[in-house]
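Working notes, structure below.
The values are calculated or read from the model by the stated rules, or taken from the named source; none is laboratory data. Since the structure is predicted, the reported quantities are computational estimates derived from the model, not experimental observations. Note that we place each Cβ from the backbone using ideal geometry, even for glycine, and neighbour counts take in every protein chain shown. Ligands, DNA and RNA are stripped out before the accessible areas are found, and what is left, the full protein with its side chains, is counted by its heavy atoms. Shrake-Rupley method; radii C 1.70, N 1.55, O 1.52, S 1.80 Å.
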Amino acid sequence: MPCSMECMGKGRGWRRGGGGGSSIAPTHLLSLLPTASKRRLPAPSSSMADPHQLFHGTSSSSTPAGRGCSAQQPPTVGYPTQGSFLAEPMSNFAMAYGSTLASQGKEIVDKNIDRFIPVTKLKYYFAVDTVYVGKKLGLLLFPFMHQDWQVQYQQDRPVAPRFDINAPDLYIPVMAFITYLLVAGLALGTQNRFSPDLLGLQASSALAWLIVEVLAVLLSLYLVTVNTDLTTIDLVAFSGYKYVGMIVGVVSGLLFGKTG
């Protein structure tokens, strides 16, 4: 009973002290405070998920250092989409179709050009060099010094003009025609009669007379029924050589003061 009395006395003293406004607490209650503080729950850290959040965000920068690898996104594998898969065959087909059309168009153009203007044959008449041009001009100015006038052939085809001085070409006639127009314009200028219209009339008349000469030769060959290997281009070349002599005549007139 002494223990119970002591406890009761202590209880009365505690209640009495509390009623009197004293702030002194019993000693056995103070000994229990540290144990209560040890059982305090840890405060929720910022890394813990919000209970109201439905999904855990992986884009947050507050990722633990130990879990940094898990935050990295796996590399995505590039699979071709349907548009790119269909675009490559279509582009290849378009390129092949376009090249086919271009080749067919080129063949049609070449056939039509060769029908009216034999481009492959014209290359033969311009196969000249400097040595040939010099010898050919000497032959045109001094024809009496030349003996052999036969055109050389190789495998039933005439050799290129640069290998045969007797072969006809179109380089000298074309250059001689242009030079004749320039010299004629110079001659008109010395007489104070030069005008673009008059120079154009001179060029048209020279070209018209060339065509008339070729047609006259063709008509003569047809009427006489002469079989020859000369083509129309050969006749144009031979008829165009006359401009060399015409240039010499006009230049001589300019030098000696007499112009026609």
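Name the single residue, out of those in the range 133-160 being in contact with a helix residue (DSSP H, G or I) (Cβ under 7 Å, 6 or more places away or on another chain) and not in a helix (DSSP H, G or I), that is surrounded by the fewest Cβ atoms within 10 Å (Cβ to Cβ).
This residue is H146.
Just name the residue that is farthest from Q202 (Cα to Cα) out of those in the range 222-260 that are among the aliphatic types (A, V, I, L, M) and part of a loop (DSSP other than H, G, I, E, B).
V226
Considering only the range 216-235, state which residues are of a type in the set (S, T, Y) and surrounded by 10 or more Cβ atoms within 10 Å (Cβ to Cβ).
Passing the criteria: S220, T231, T232.
Residues in the range 191-217 that are farther than 17 Å from D169 by Cα and in contact with a Ser or Thr (Cβ under 7 Å, 6 or more places away or on another chain): how many?
Looking only at that region, the number is 2.
Can you name the number of the only condition in (1) farther than 23 Å from K123 by Cβ; (2) hydrophobic (A, V, I, L, M, F, W, C); (3) open to solvent by 90 Å² or more (accessible area, probe 1.4 Å) that F163 fails?
The number of the failed condition is (1).
Residues that are in contact with a Lys or Arg (Cβ under 7 Å, 6 or more places away or on another chain) and either among the charged types (D, E, K, R) or open to solvent by 50 Å² or more (accessible area, probe 1.4 Å) (or both): does the range 125-132 have at least one?
yes
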